[in-house]
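*Asks:* Below: one structure in structure tokens.
The values are calculated or read from the model by the stated rules, or taken from the named source; none is laboratory data. The structure presented is a predicted model; accordingly, all values stated were derived computationally and were not measured. Every residue, glycine among them, receives a Cβ derived from its backbone with ideal geometry; neighbour counts consider all protein chains shown. With ligands, DNA and RNA removed, areas are computed over all heavy atoms of the protein, side chains included. Shrake-Rupley method; radii C 1.70, N 1.55, O 1.52, S 1.80 Å.
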Amino acid sequence: MGFLHTGHLSLVDEARRRADFVVMSIFVNPLQFGPNEDLARYPRDPEGDASKADARGVDLLFTPRQDEMYPSERRVDVVPRGLDTRWEGAIRPGHFAGVLTVVAKLFNIVQPDVAVFGQKDVQQVTLIKAMVRDLDVPTEIVVAPTGREPDGLAMSSRNSYLSGDERRRATVLSGALFAIRDAFKKGERDVSRLMAQGQRVLAAEPAVAVDYLALVDSTTLEPAVRASDDTIAMIAARVGRTRLIDNVILGA
């Protein structure tokens, strides 16, 4: 959705390794924003984005207008079944129908052989993979690792909203996930004890309002019964007015 950072540009690098021609789409999609979310104030920098994309080796930057993507009243959306009932889907009703609808449109317009998405939006990419499988979309989905700042914070356009003190507090999200992963790598497999490791870290920043901290199955996103290498630890929290998400794969 633009306001490009190093994490976004690392997706370009992955695409260049896999394709002869790289297209980047930038579109702040209104369908995936709820009525009380930050569509109007979502950070935008079209000129800077174009410069960064060109410098990174993007062959075509596709930046459609809203009236081009949605020229008239829609009568069909792409609506998920099941994978959207928990986590982000429970907190942001309709969000993933908006995501899948715009991604389906972009796939139909661009017709990519390969599409690269970031691991940070793990529920999103899980749903996109399901859509591609269930609707026989001839596009390979590649998931690239989450880009992180030196202190561990997951890169996000929304990080620009954070004040200096909020920016410091925000590192508790990755800190909690890393604590869970470290305990797993030391041999812990009990989900409740792993969760306790993350919750202990979060307790140090009570001003950070946690929406959820969970260990989930990597395919179904259902709560894990016992941790394994592909179990995902995921978190969403509000730091001040800014809502951030993050996750790690325990065995990675």
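*Asks:* Springs between alpha-carbon atoms under 10 Å, Gaussian network over the chain: tell me which of SER228, SER156, SER174 tops the mean-square fluctuations.
*Replies:* SER228
*Asks:* Can you give the helix-only mean residue ellipticity at 222 nm for the chain, where every DSSP H stretch with n ≥ 4 adds -39500 (n - 2.57) and the sum goes over all residues, rounded to the nearest 500 deg cm²/dmol?
*Replies:* -11500 deg cm²/dmol
*Asks:* Just to check I understand the Karplus step: with θ = phi - 60° and J = 6.51 cos²θ - 1.76 cosθ + 1.60, what whole-Hz values come out for the stretch 176-189, glycine and proline as x?
*Replies:* Values, residue by residue: 5, 5, 5, 5, 5, 5, 5, 5, 4, 5, 8, x, 6, 10 Hz.
*Asks:* For Cα pairs less than 8 Å apart in space and 6+ apart in sequence, what is the mean separation divided by the residue count of the stretch 1-131, i.e. the relative contact order in percent?
*Replies:* Computed over the stretch 1-131, the figure is 32 percent.
*Asks:* Would you work out if the stretch 124-252 is rounded, prolate or oblate? Take a ≥ b ≥ c from the square roots of the eigenvalues of the alpha-carbon gyration tensor; rounded if a/c is under 1.5, else prolate when a/b is larger than b/c, oblate otherwise.
*Replies:* Since a/c reaches 1.5 but b/c is at least a/b, the shape of the stretch 124-252 is classed as oblate.
*Asks:* Follow-up. Scan the stretch 1-70 for chymotrypsin sites (Phe, Trp or Tyr not before Pro) in coil per DSSP, keeping those whose Cβ has at most 11 other Cβ atoms within 10 Å, and list them by number.
*Replies:* The qualifying sites are PHE21.
*Asks:* Treating cross-link reach as a plain straight distance, find the lysines whose alpha-carbon is under 23 Å from the alpha-carbon of LYS105, omitting any fewer than eight places away in the same chain.
*Replies:* LYS120, LYS129
*Asks:* For LYS185, go through the aspartates and glutamates and keep the ones whose alpha-carbon is under 16 Å away, minus same-chain ones fewer than eight residues off.
*Replies:* Those aspartates and glutamates meeting the cut-off are ASP229, ASP230.
*Asks:* Where the accessible area of the stretch 95-252 is counted over protein heavy atoms with a 1.4 Å probe, how much of it, in %, is carbon and sulfur?
*Replies:* 49
*Asks:* Mean-square fluctuation check for the chain, GNM, Cα pairs under 10 Å: which of ASP113, ASP67, ASP13 is largest?
*Replies:* ASP67
*Asks:* Which loop-located trypsin sites (Lys or Arg not before Pro) does the stretch 35-121 contain, where loop means any DSSP state but H, G, I, E or B and the Cβ has at most 14 other Cβ atoms within 10 Å?
*Replies:* ARG41, ARG44, ARG65, ARG74, ARG75, ARG81
*Asks:* Got the relative contact order for the chain handy, in percent, Cα pairs under 8 Å and 6 or more residues apart?
*Replies:* After rounding, I find 17 percent.
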